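Visitor: Dumping the structure here so I can ask a few things about it.
Nothing in this text is a laboratory measurement; each read-out follows from the coordinates by a stated rule. If you're wondering where the values come from, they're calculated on a predicted model, not measured in any experiment. In this analysis, Cβ positions are derived from the backbone assuming ideal geometry, glycine residues included, and neighbour counts consider all displayed protein chains.
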């Protein structure tokens, strides 16, 4: 078994412009941050606590977490957006 990472597939059509690549990188970062933030809210189910909104709160919690993740990604997040963007740009350039 090789320790190398497999080469990614072709860049999807329609992601040609740098603005679209940056948006895709930011969206990817948002999804990654969403997955990292979700466990933080799993224990926040105390009905008397600040997030104790019952079934309504439980239903809308994923939306709140997604918005937190989008905001973090848009404001720089963990620096992941720039790394993903550069890699996507390099892949796009190598396909030309």
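Visitor: Please arrange 57, 67, 42 by how many other C-beta atoms lie within 10 Å of their C-beta, fewest to most.
Guide: 42, 67, 57
Visitor: Any idea what the relative contact order of region 18-94 is, in percent, if you count C-alpha pairs under 8 Å spaced at least 6 apart?
Guide: 51 percent
Visitor: What FRET efficiency would be calculated for the residue pair residue 63, residue 90, taking the C-beta separation as r and a Förster radius of 25 Å, to the nearest 0.05?
Guide: Result of the calculation: an efficiency of 0.15.
Visitor: Using the 10 angstrom Cβ neighbour count as an exposure proxy, how do 81, 18 rank, fewest first?
Guide: Taking fewest neighbouring Cβ atoms as first place, the list is 18, 81.
Visitor: Ok, one more. What ranking of 36, 88 emerges when the number of other C-beta atoms within 10 Å of each C-beta is taken as an exposure proxy, fewest first?
Guide: Listed from fewest to most nearby Cβ atoms, that is 36, 88.
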